[in-house]
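A short worksheet on the structure shown next.
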Amino acid sequence: MEEKVLEVIKKRRTVRKFTDESVTDEQVETILEMAMYAPTYMNRQPWHFVVIRNKGLQEQLGETLGIRPYIQEASVVIAVYGDPEISNTWDLDGSAAIENMLITATALGLGSAWAGSPGNLAWGDAEGVMRDTLKVPSGFRALSLVCLGHTAKMVVPHTKDERYDRTRVHYGDWSNLKL
Ligand SMILES: Cc1cc2nc3c(=O)[nH]c(=O)nc-3n(C[C@H](O)[C@H](O)[C@H](O)COP(=O)(O)O)c2cc1C
């Protein structure tokens, strides 16, 4: 089992080209169930997830964020929200949930992409668009979008040679590397 998890983590890549095939509601629920197994500060679970299957909104978000056309192509887009009133680590907690979602999507044979973040200039506009259309109550903050679909263009997995950077790992103190 452990090996399988490691294989799936290695296989995950950002997919930006999707087919028309639908992601099922059952798959979405599995992905969201796994999201909610993620650790959170003091177990506060300050998250909400909005499941979007609305091509009009998806197109608008793609345009606002300048990442067309894969947001429109995605069968489902999940908007991840945090409640800063519940936890001031809502963004860290939500990010842990998102990584679980991407790994689960990969395990289910689906393609996925993490898109948008509060640091991005256009994100405020996207957040405004979603607040109105998705009827988001005030106080909740949009963290990112998770785009899900069936992969149209396979992305080759990273390799250890390409990815594992020994100069970033310090043993005991900063000066001690194992190169
Ligand atoms: C916080 C965050 C925001 C991201 N936003 C975008 C985005 O707006 N558009 C996009 O195409 N990819 C986005 N990505 C995906 C990264 O570009 C991608 O993970 C990175 O290039 C590495 O490629 P890989 O995921 O295939 O390993 C985002 C990733 C993170 C963690």
Expected unfolding gain across R44-E162 under the 0.36 nm per residue rule, minus the alpha-carbon gap, is 38.8 nm
Loop-resident GluC sites (Glu not before Pro) in region 55-104 with no more than 13 other Cβ atoms inside 10 Å, DSSP not H/G/I/E/B, are E85
In degrees rounded to 10, the 0-90 angle between helix 25-35 Cα long axis and the longest Cα principal axis of the chain is 50
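How high is the relative contact order of region 24-179, in percent, with contacts defined as C-alpha pairs under 8 Å that are six or more residues apart?
On the way: 221 pairs, mean separation 40.4, N = 156.
26 percent.
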Violations at 20 Å Cα threshold for listed pairs K4/K160; K4/K178; K11/K55 -> K4/K178; K11/K55
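Which percent of the accessible heavy-atom area of the chain goes to carbon and sulfur, probe 1.4 angstrom? It would help to have the intermediate numbers written out before the result.
Values: 5470 of 10640 Å².
Carbon and sulfur together cover 51 percent of it.
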Ordered by number, the trypsin sites (Lys or Arg not before Pro) in region 57-150 that occupy a DSSP loop and have at most 12 other Cβ atoms within 10 Å are K135
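Please list V129, V80 in order of solvent-accessible area, largest first, computed with a 1.4 Å probe with all protein chains present.
On the way: V129 30, V80 0 Å².
Descending accessible area places them as V129, V80.
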Taking the chain, the whole-percent share of alpha-carbon pairs separated by over 22 angstrom is 50
The helix 123-133 Cα axis meets the longest alpha-carbon principal axis of the chain at an angle in degrees, between 0 and 90 and rounded to 10, of 40
quick shape note, region 82-179: Cα extents on principal axes in Å, largest first -> 52, 38, 24
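Under 12 Å from the Cβ of E73, count the other residues' Cβ atoms, weight Lys and Arg +1, Asp and Glu -1, and hand me the total. Walk me through the numbers before you get to the answer.
Numbers: positive: R16, K17, K55, R68, K153; negative: D20, E21, E59.
Spelling it out: positives minus negatives among the neighbours equals +2.
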Extend 7 Å from the Cα of L6 along its Cα-to-C-beta direction; within region 62-104, residues with backbone N under 19 Å of that point are 103-104
What the Cα atoms of region 9-101 span along the principal axes, largest first and in whole Å, is 40, 28, 24
Looking only at aspartates and glutamates whose Cα falls under 13 Å of K153's and that sit 8 or more positions away or on another chain, we get D20, E73
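May I ask you to rank L148, L6, L179 by accessible area, largest first, using a 1.4 Å probe over the protein chains only?
On the way: L148 0, L6 90, L179 150 Å².
Listed by decreasing accessible area, they come as L179, L6, L148.
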Note on region 3-52: alpha-carbon gyration tensor, axes a ≥ b ≥ c; rule is a/c under 1.5 for rounded, else prolate if a/b larger than b/c, else oblate; result oblate
So the angle from the long Cα axis of helix 55-65 to the longest Cα principal axis of the chain, reported in degrees to the nearest 10, equals 60
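The values are calculated or read from the model by the stated rules, or taken from the named source; none is laboratory data. Just so you know, these numbers come straight off a predicted model, no measurement behind them. We place every Cβ from the backbone using ideal geometry, glycine too, and count neighbours over all the protein chains shown. The protein model used for the area step is the full one, side chains on, heavy atoms only, and it has no ligands, DNA or RNA in it. Shrake-Rupley method; radii C 1.70, N 1.55, O 1.52, S 1.80 Å.
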